[in-house]
Amino acid sequence: MARTPNVDLVMPTAAMPIQPAPAPVLAAEVPPLSGAIFQPDRYRPLFENHRARLVGDTLMVTIAEKVSAVQKSTSSVDRSNSLDASVSALPFLKNSALTRATATGSSSSAFEGKGTTENSNDFSGVITATVVQVLPNGHLIVAAEKQIGVNANVDVLRFSGQVDPRAIAPG
């Protein structure tokens, strides 16, 4: 029977930006006006595209990454050897008896090899990020965490960053 991987569950708003994040340039924050019912930074029109703009709002981040690499190598080696030997004299034997005492040898070897390594990775997915801070310039600091369990192995994908709300597509 297949084992179910242990996955830690956390609230989506508990995801915090990955540290260390680059410090954004902050403008001077204007204190909210008191006494009025209407607050411009909390305004939500009834008929609009629902885009993330306040702390706690969620947005879907589409991740599409494609990486490929190719490595090729070729090698060749040739080697040859030869040996010639003869005996010119032996004790107690006449030189005429050694005329055929010669030896000859040769060897050769060749090697040729080729290799190719290819690697291609496609990573795509969707992660839901939560707005954890709104900067004075209107940009959003978002954070998300997604745990994926496959074959008793849990992979954790963490995402955080700064988003310009004008770049968020409606939908």
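Any read-out appearing in this document is the output of simple, stated calculations on the displayed coordinates, not a laboratory observation. Predicted, not measured: the structure shown is a model, and the values here were computed from it. Neighbour counts run over all protein chains shown; Cβ positions are idealised from the backbone, glycine included.
Once both labels are positioned 7 Å from their Cα atoms along Cα-to-Cβ, the gap between Ala152 and Ile37 label points is 6.2 nm. I need the calculated FRET efficiency for the pair Ile168 and Asp122, taking r as the beta carbon distance and R₀ as 30 Å, to the nearest 0.05. The formula returns an efficiency of 0.75 here.
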